[in-house]
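K.L.:
Here it is: the structure, laid out below.
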There are 2 protein chains.
Amino acid sequence: MGGDHGPSVTIPAAINFLKRESDAELILVGLQDVLHAELKKCHADAHPRVTVQHASEQVTMDDPLEVALRRKKDSSMRVAIEQVKDGKAQACVSAGNTGALMAVSRYVLKTMPGVDRPAICTIMPNMKDGPTYLMDLGANVDCEPHHLHQFAIMGSVLAHAMEGIARPTIGLLNVGTEDIKGNEVVKATIPLLQADHARGKLNFYGNVEGNDIFKGTTDVVICDGFVGNVMLKAIEGLARFFKTVLTTEFKRNPVTMLGALIARSALKRITKRLNPARYNGASLLGLRGLVFKSHGGADVEAYEWAIRRAYDAAKNDVQQQLADLIAELMPRETTTIG
Amino acid sequence: MGGDHGPSVTIPAAINFLKRESDAELILVGLQDVLHAELKKCHADAHPRVTVQHASEQVTMDDPLEVALRRKKDSSMRVAIEQVKDGKAQACVSAGNTGALMAVSRYVLKTMPGVDRPAICTIMPNMKDGPTYLMDLGANVDCEPHHLHQFAIMGSVLAHAMEGIARPTIGLLNVGTEDIKGNEVVKATIPLLQADHARGKLNFYGNVEGNDIFKGTTDVVICDGFVGNVMLKAIEGLARFFKTVLTTEFKRNPVTMLGALIARSALKRITKRLNPARYNGASLLGLRGLVFKSHGGADVEAYEWAIRRAYDAAKNDVQQQLADLIAELMPRETTTIG
């Protein structure tokens, strides 16, 4: 039910996803009449791998956390997460309110043993034509070193499970590459990651800078949720700005339009390489169950990518891998600053 | 002498600048033989508005701060800043090592009364085709609320003086627009800015998010130096990634090249609107003198923009305006967190 477009996007995306993955099954959660009507439009009302689970309420983008948590107990978001808790689903995908999704997920699923705070991880395109895993993106605005340490472990497991990288490289986002650089929290995080590296448990590359995200210097980049959130939104803002300028200038007059028409294969490839749809689907990591967040403004293609990411995570058993590495590396240390 | 290209870029830029501004004079600081040779190449060896000030050393990009501060007392960087201190120059421009430039500037010029920490402010293009002033960009990685408050005052004065905006709007970079959002430092900064707004002294808009930088929601965006630095580098990285993809794809084959040729007016306008050269020249604010930092990789056009920004700042008396507003608004409060 979530996102800017609701079932008119999520249902076609779900049906496209099922065409691609012949062993997948979907439980669609929300107002059953609306969902059935949308399924009918997609000629999939009796799809053998679709179940509709009714939920009478929805969490809106403006609902305070308290409303999502305590008042709307039959929201599509909550009922979807409960499917994971009850073992009926292996993962949940939502395009709804991020803060509410995290809060309800924490409440319903609880945090994984050894994890202090779940975090949000997304992927970014890079110049090596691979993804860079980036976290945290806003779940934790005030972090201590042991939180960043846990993010590194979770990011490493996710990149390993999703990309098949044997030992993903981890970069700590910083204002310079030397060990002496950084704010107090980041500086105190470096030795924790170095220790895991020395034990052969994490492939810690060292500090990276903002531009390394797009260079693809490391497979994973770690930062606190404040930095991650404002940076992600700045990146999205610049991408939108760039797209607007490109579109406006090529549409300016018949000559430039002709040029764009002739060069349309280039423009298509540019769109494909920078395509934000391919990078849709952020993971909420560190919960006792898989939850994925789609961009609210996602279109059918982008929402399908979010479902695919959730499917890949379930198929590659991200949860078990996470639990194993955390149990091994997290002796409940709590390095606190300030 | 600074930057990736040294006098082969800075001298032609200086001569171009002098052509544009008929009342300006320049003191070129560095190895006099090298500078004279470069001036000769530009047919400007006897330019009536150029003085060469010899300095026997240079601060390199790899020099530790201690070397820049204590060992190289006759560096071009230091001698250039001393010109400002001695009243021989109204502003200093350098493409050298940012950390060294800030450290030497603080040492030679000292901090302005009422300012705890100088900060670095740059401008970004936005969708309104105007600049967004953004600070701090890395001088201060651990900030307290009163530091962010001072950055807001300095940013407001700079935008006012440079753009002629009567009451520049100030946005506080945050993870959401509501007052309850943010990390502890940011949350404690909001009431300080609201108080100045209520007194009619600062035009505080409220919280802004990363994408607002490019939307042009406010004239000035304030953040701590850690956030500003990693975000700026991420933005630069993404811009470089765009440019690479655009260039590669248009050059891929004769057809796409033909398209690009036909649409070249569009591509030119795209380059112009997103042109990083126009946005070169960051201000080191809060010192007892004007210092501007050019990007190390600046070309002739970009370096000329940095000189022009320094010239505009001197002409519009940024220093006096800063001193006045700081004296008025800074009752030496020190709101500390933690």
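K.L.:
Please name whichever of A:His295, A:Phe250, A:Gly155 sits farthest to the positive end of the charge dipole of segment A:7-329, dipole taken about the Cα centre and charges placed at Cβ: Lys and Arg +1, Asp and Glu -1.
P.N.:
With unit charges placed on the Cβ atoms, the residue in question is A:Phe250.
K.L.:
Follow-up. Please list, in order along segment B:15-25, the HN-Hα scalar couplings obtained from phi with the Karplus expression 6.51 cos²θ - 1.76 cosθ + 1.60 (θ = phi - 60°), rounded to whole Hz, x for Gly and Pro.
P.N.:
3J(HN,Hα) across segment B:15-25, in whole Hz: 5, 4, 4, 5, 5, 6, 10, 6, 9, 8, 10.
K.L.:
Let me check I've understood the local charge: for B:Asp324, count other residues with C-beta under 13 angstrom from its C-beta, Lys and Arg +1, Asp and Glu -1. What total comes out? Let's see the in-between values first.
P.N.:
Values: positive: B:Lys201; negative: B:Asp317, B:Glu328.
It works out to a net charge of -1.
K.L.:
Please work out the C-alpha center-to-center distance from segment A:1-65 to segment B:39-105 and express it in whole Å.
P.N.:
Taking the Cα centre of segment B:39-105 as reference, the centre of segment A:1-65 is 65 Å away.
K.L.:
Okay, moving on. Would you work out the charge dipole size for the protein assembly as shown about its Cα centre, treating the Cβ of every Lys and Arg as +1 and the Cβ of every Asp and Glu as -1, and quote it to the nearest 20 debye?
P.N.:
Using Cβ point charges on Lys, Arg, Asp and Glu, the protein assembly as shown gives about 1760 debye.
K.L.:
Going by amide H atoms built from the backbone, whose H comes under 5 Å of the H on B:Val208, apart from near neighbours?
P.N.:
Excluding prolines and chain starts, which carry no amide H, the hits are B:Leu172, B:Leu173, B:Asn174.
K.L.:
Now for a different question. What's the average, rounded to a whole number, of partner chain beta-carbon atoms within 10 Å of each residue's beta-carbon in B:242-253?
P.N.:
If you average over the peptide's residues, the count of other-chain Cβ atoms is 5.
K.L.:
Which Rg and Dmax, in Å, describe the Cα atoms of the protein assembly as shown?
P.N.:
26.8, 87
K.L.:
At a Cα cut-off below 19 Å, give the aspartates and glutamates reachable from A:Lys73, other chains included and same-chain residues fewer than 8 away excluded.
P.N.:
The reachable aspartates and glutamates, counting only those whose Cα sits under 19 Å from A:Lys73, are A:Glu57, A:Asp62, A:Asp63, A:Glu82, A:Asp86.
K.L.:
Let me ask another. With the contact rule set at Cα under 8 Å and sequence spacing of 6 or more, what percent relative contact order holds for segment A:7-329?
P.N.:
Working: 578 pairs, mean separation 72.9, N = 323.
The value is 23 percent.
K.L.:
Once the Cβ-Cβ distance between A:Leu65 and A:Asp4 is put in as r, and R0 is 30 Å, what FRET efficiency do you end up with, to the nearest 0.05? Don't jump to the answer; show the numbers that get you there.
P.N.:
Details: r = 20 Å, r/R0 = 0.68.
For R0 = 30 Å, the calculated efficiency reads 0.90.
K.L.:
Given Cβ point charges of +1 (Lys, Arg) and -1 (Asp, Glu) and nothing else, what value in debye, to the nearest 20, does the dipole of chain B about its Cα centre take? Don't skip to the end; give the middle numbers.
P.N.:
Values: 39 positive and 38 negative charges, 185 e Å.
Here the size comes out at about 880 debye.
K.L.:
Taking amide H positions as placed in the peptide plane 1.01 Å from N, state which residues far from A:Val93 in sequence (5 or more) or on other chains have amide H under 5 Å from it.
P.N.:
When sequence neighbours closer than 5 places are left aside, the close amide H contacts are A:Phe292.
K.L.:
Something else: Enumerate the amide H contacts of B:Ile27 below 5 Å, restricted to partners 5 or more residues apart or on another chain; note that Pro and chain-start residues carry no placed amide H.
P.N.:
Amide H neighbours of B:Ile27, under 5 Å, 5+ apart: B:Thr51.
K.L.:
What is the packing order of peptides B:58-69, B:181-192, taking the mean over residues of other C-beta atoms within 10 Å and listing the highest first? Don't skip to the answer; put the middle values down first.
P.N.:
Details: B:58-69: 16.6, B:181-192: 20.2.
Highest-to-lowest ranking by the protection proxy: B:181-192, B:58-69.
K.L.:
Still on this structure: For segment A:109-215, what log10 I(q)/I(0) values come out of the Debye formula at q = 0.10, 0.13, 0.16, 0.20 1/Å, with one point per alpha carbon and no solvent?
P.N.:
After summing over all Cα pairs, the log10 values are -0.27, -0.46, -0.71, -1.15.
K.L.:
Also, I was wondering about something else. Can you pull the one-decimal nm distance between simple spin-label points at A:Lys110 and A:Val255, each 7 Å off the Cα toward Cβ?
P.N.:
Result for the modelled spin labels: 7.0 nm.
K.L.:
Step through the residues of segment B:306-315 one at a time and calculate ³J(HN,Hα) from phi using the Karplus curve (6.51 cos²θ - 1.76 cosθ + 1.60, θ = phi - 60°), rounding each to whole Hz and writing x for Gly and Pro.
P.N.:
So the Karplus estimates, Gly and Pro as x, are 5, 5, 4, 5, 5, 4, 4, 5, 5, 4 Hz.
K.L.:
What does the net charge come to around B:Gly225 if you take all other residues with beta carbon closer than 10 Å to its beta carbon, with K and R at +1 and D and E at -1?
P.N.:
Working: positive: B:Arg117; negative: B:Asp136, B:Asp142, B:Asp224.
Net charge in that neighbourhood comes out at -2.
K.L.:
Note the buried accessible area between A and B here, summed over both chains, with a 1.4 Å probe, in Å² to the nearest 100.
P.N.:
Working: alone 16520 and 16540 Å², together 28130 Å².
The contact between B and A buries close to 4900 Å².
K.L.:
Also: Under the convention of a label 7 Å out along Cα→Cβ, give the distances in nm from B:Pro48 to the same position in every other copy, shortest first.
P.N.:
From this label point to the equivalent ones elsewhere in the assembly: 9.3 nm.
K.L.:
On to the next question. Across segment B:115-130, in residue order, what do the Karplus-derived ³J(HN,Hα) couplings come to in whole Hz, using 6.51 cos²θ - 1.76 cosθ + 1.60 with θ = phi - 60° and x for Gly and Pro?
P.N.:
9, 7, 9, x, 9, 10, 10, 10, 10, 10, x, 9, 5, 8, 6, x
K.L.:
Which value at 222 nm does chain A reach when only helices count, each DSSP H run of 4 or more adding -39,500 (n - 2.57), with the total divided by all residues and rounded to the nearest 500 deg cm²/dmol?
P.N.:
Calculated at 222 nm, the ellipticity per residue is -15000 deg cm²/dmol.
K.L.:
Enumerate the lysines that B:Lys187 could reach by cross-link, defined here as Cα to Cα under 21 Å, with residues fewer than 8 away along the same chain left out.
P.N.:
The qualifying lysines are A:Lys233, B:Lys201.
K.L.:
From the mean inverse distance of alpha carbon pairs (Kirkwood) and the Cα radius of gyration, derive Rg over Rh for segment B:4-99.
P.N.:
Ratio value, two decimals: 0.96.
K.L.:
Using only the Cα atoms, what convex hull volume per residue in Å³ does segment B:253-338 have?
P.N.:
Roughly 197 Å³ of hull volume per residue.
K.L.:
Going by Cα centres, segment B:130-205 and segment A:224-282 are how many Å apart?
P.N.:
Each part's Cα centre sits 30 Å from the other's.
K.L.:
Okay, moving on. Could you tell me how many cubic angstrom of Cα convex hull volume segment B:7-329 has per residue?
P.N.:
149
The values are calculated or read from the model by the stated rules, or taken from the named source; none is laboratory data. Predicted model, so just to flag it, every value in this text is computed and none were measured. When we count neighbours, we look across all protein chains shown, and the Cβ atoms used for this are built from the backbone with ideal geometry, even at glycine. SASA here: full protein model, heavy atoms, side chains in, ligands and nucleic acids out. Shrake-Rupley method; radii C 1.70, N 1.55, O 1.52, S 1.80 Å.
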